[in-house]
1. Looking at residue 106, is it among the acidic types (Asp, Glu) and open to solvent by less than 90 Å² (accessible area, probe 1.4 Å)?
2. Listed residues 117, 133; which is closer than 30 Å to residue 166 by Cβ, touching a residue at least 40 places away in the same chain (Cβ under 8 Å) and out of contact with any strand residue (DSSP E or B) (no Cβ under 9 Å at 6 or more places or on another chain)?
3. Does any residue in segment 141-164 that is modelled with pLDDT under 85 come within less than 8 Å, Cβ to Cβ, of a residue that is surrounded by 11 or more Cβ atoms within 10 Å (Cβ to Cβ) six or more places away or on a different chain, and which pairs are these?
4. Please verify whether segment 21-39 includes one or more residues that are farther than 30 Å from residue 112 by Cβ, touching a Ser or Thr at 6+ places or on another chain (Cβ under 6 Å) and either open to solvent by less than 80 Å² (accessible area, probe 1.4 Å) or acidic (Asp, Glu) (or both).
5. Looking at 96, 57, can you tell me which residue is assigned to a helix (DSSP H, G or I), farther than 30 Å from residue 169 by Cβ and open to solvent by 90 Å² or more (accessible area, probe 1.4 Å)?
Amino acid sequence: MKRNILLLLLSLAALAMSAQSTIKYGRLDYDSLLTSMPEYTQVQEQLNALRMQYNKEAAYNEANFKRLFADFLQGQKDFPQNIMLKRQRELQDAMEKSIAFRRSCDSLLVKAEADLMAPLYVKLDAAIKTVGMERGYECIINTAAGTHPFLHPSVTEDAAPFVLQKLNAVVTPQLQNQSPN
């Protein structure tokens with residue numbers, strides 16, 4: 001009887017150890033997957049176009065300020081005191097507006113990037129979750145930050161190819177549905 005109990009305990013221990021070895025984790029570089037998405041290139045192009053528009057307007061404001069400053073320098077010796085003070089205020093206002101515009105552009109670009117990137121994050125996260133469930137991963141580890149110097153190959157698997165396959169499967173039907181033909 002003791003022998004049977006001991007044999008049962010040993011087989012349970014072996015079963016528990018074999019169950020532990022089947023635990024598997026996925027690993028991937030989130031940033032690399034994100035930048036490989038075709039939508040990422042489109043978002044970057046949109047952001048660059050917006051950035052160029054803001055830079056063009058900022059250059060216009062700067063040229064206007066330089067013109068005002070040049071006019072001020074040419075006429076300062078001929079201006080009466082009240083006109084000179086008025087022109088100084090105009091220069092100060094133009095400079096402050098230019099600085100405010102630059103700050104506004106920076107915050108608008110940050111917001112535009114967040115708004116444009118949000119659907120990509122949602123799509124990539126959904127693909128990762130789907131692959132995690134399909135492949136039976138306990139979790140998927142993001143190696144992009146370099147915080148995992150070693151992940152044992154017997155319990156981890158590169159999940160990136162499966163996520164890319166899932167992303168490509170999702171992208172293809174959407175592009176076909178959107179074609180004008």
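1. It is false that residue 106 is among the acidic types (Asp, Glu) and open to solvent by less than 90 Å² (accessible area, probe 1.4 Å).
2. Values: 133 fails: touching a residue at least 40 places away in the same chain (Cβ under 8 Å).
That would be 117, the only listed residue that is closer than 30 Å to residue 166 by Cβ, touching a residue at least 40 places away in the same chain (Cβ under 8 Å) and out of contact with any strand residue (DSSP E or B) (no Cβ under 9 Å at 6 or more places or on another chain).
3. 148/27; 148/141
4. From segment 21-39, those farther than 30 Å from residue 112 by Cβ are 21-27; that's our starting set.
Remaining after also requiring touching a Ser or Thr at 6+ places or on another chain (Cβ under 6 Å): 25, 27.
Subset that is either open to solvent by less than 80 Å² (accessible area, probe 1.4 Å) or acidic (Asp, Glu) (or both): 25, 27.
There is at least one residue in segment 21-39 that is farther than 30 Å from residue 112 by Cβ, touching a Ser or Thr at 6+ places or on another chain (Cβ under 6 Å) and either open to solvent by less than 80 Å² (accessible area, probe 1.4 Å) or acidic (Asp, Glu) (or both).
5. From the options 96, 57, the qualifying one is 96.
Listed here are the residues, each with its yes/no results for (1) among the β-branched types (Val, Ile, Thr); (2) open to solvent by 30 Å² or more (accessible area, probe 1.4 Å); (3) closer than 13 Å to residue 28 by Cα.
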{"site": "118", "(1), (2), (3)": "no, yes, no"}
{"site": "130", "(1), (2), (3)": "yes, yes, no"}
{"site": "138", "(1), (2), (3)": "no, yes, no"}
{"site": "143", "(1), (2), (3)": "yes, yes, yes"}
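The values are calculated or read from the model by the stated rules, or taken from the named source; none is laboratory data. All figures in this text were calculated on a predicted structure; none of them were measured in a lab. For neighbour counting, all protein chains shown are included, and Cβ atoms are generated from backbone atoms with ideal geometry for every residue, glycine included. Quick note on the areas: whole protein, heavy atoms, side chains included, nothing else; ligands and nucleic acids left out. Shrake-Rupley method; radii C 1.70, N 1.55, O 1.52, S 1.80 Å.
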